[in-house]
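A short worksheet on the structure shown next.
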């Protein structure tokens, strides 16, 4: 047998190896060097330039929506450039800038997909949970689930638009408000601050009321257009037509139902809720919280049209998110700040511009 050398390209990645807690001083993700993935049928290889940090990553790490296998690379708000196209992938060319969101794939044939609700597909697969995501220097994605990025956004500005923006857009659509009706936002992180910017543009006569436990979040909300901001338990100056909840806990839901008008709608924008205050649901009082035809609607994932439509709207307004940038190696620090509610806008990991490291490996013919 003849032995020759072949070359393997390595990339840097922040990897989750199992379910764990996130707290000050913890390091839930391990920095590793892994082989650069190879795109298969219908896929593209992307050099990651930026990846947004989402609360859903905390749900994955802590097991509320656990990945089906480990190790896994998290991250589903990805912006980068196409490096290589797999077989029968012709939609993008090498060098083009693309984005990838939470929806990695759907079956395309079930009743939900046929009706345009692929977010409800039983075979829905999520980027960064069911397949490797963007907390790395390279990733693969199905070209049918990648999106051109408008030129008015930088890489780090575009990243939060792919999930925080798109899920906020879907939430606002589900809130079903008309221009002039009032909207509440409970929790004021990455998604909610983009909803407020969108509300100001699409419904200029509507007034926004923000509920947030952090004084800094309340102040930030007033800075960008909220007419009122207060604590979760603080009654707003008027009852509201709709409220969008973006928090990971239960108390805001109970108080939001109390602050709705008759016939009002509560939209819960969360993949999962943490169990720490779930017992507050025992305080629900039917006449006060649920009667008079109040509605509760949950948001499940996003469809491709949500991302496409929001990117077009965001570029037209334009919506420029507030961002805090972290190097890829500091992903754990960004996650801990998110867990501790140290939030102003969106947190984004900035990818490396370095070429992949090449190492020779022995191969046998």
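Condition (residue is assigned by TED's automatic domain parsing to the domain that holds residue 176, at positive phi and more than 21 Å from the chain's Cα centre (by Cα)) applied to the stretch 205-220: is it met by at least one residue? Scanning the stretch 205-220, I find no residue that is assigned by TED's automatic domain parsing to the domain that holds residue 176, at positive phi and more than 21 Å from the chain's Cα centre (by Cα), so the answer is no.
Results for (1) touching a strand residue (DSSP E or B) at 6+ places or on another chain (Cβ under 7 Å); (2) closer than 23 Å to residue 309 by Cα, shown as yes or no for each residue.
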{"position": "87", "(1), (2)": "no, no"}
{"position": "100", "(1), (2)": "yes, yes"}
{"position": "113", "(1), (2)": "no, yes"}
{"position": "126", "(1), (2)": "yes, yes"}
{"position": "131", "(1), (2)": "yes, no"}
{"position": "141", "(1), (2)": "yes, yes"}
{"position": "145", "(1), (2)": "yes, yes"}
{"position": "148", "(1), (2)": "yes, yes"}
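Test residue 226 against the stated conditions and say whether it is in the same structural domain as residue 99 (by TED's automatic domain parsing), surrounded by 18 or more Cβ atoms within 10 Å (Cβ to Cβ) and at pLDDT 95 or above. So residue 226 fails the test. On inspection, residue 141 does not qualify as assigned by TED's automatic domain parsing to the domain that holds residue 110, in a helix (DSSP H, G or I) and under 21 Å from residue 99 (Cβ atoms). Taking the stretch 116-138 as the range and being assigned to a loop (DSSP other than H, G, I, E, B) and closer than 15 Å to residue 301 by Cβ as the test, the residues that pass are 116, 117, 121, 122, 123, 124, 128, 129, 130, 133. Residues that are touching a residue at least 60 places away in the same chain (Cβ under 8 Å) number at least 2 in the following strands (runs of 3 or more DSSP E) confined to the stretch 242-336: 260-268, 323-327. Apart from one condition, residue 131 fits all of (1) in contact with a helix residue (DSSP H, G or I) (Cβ under 6 Å, 6 or more places away or on another chain); (2) surrounded by 17 or more Cβ atoms within 10 Å (Cβ to Cβ); (3) not assigned by TED's automatic domain parsing to the domain that holds residue 223; the exception is (1).
Residue 116 passes every criterion in (1) more than 19 Å from the chain's Cα centre (by Cα); (2) modelled with pLDDT of 95 or more apart from (2).
The values are calculated or read from the model by the stated rules, or taken from the named source; none is laboratory data. This is a predicted model, so every value here is computed, not measured. FYI the Cβ positions are ideal-geometry reconstructions off the backbone, even for glycines, and counts take in every protein chain you see.
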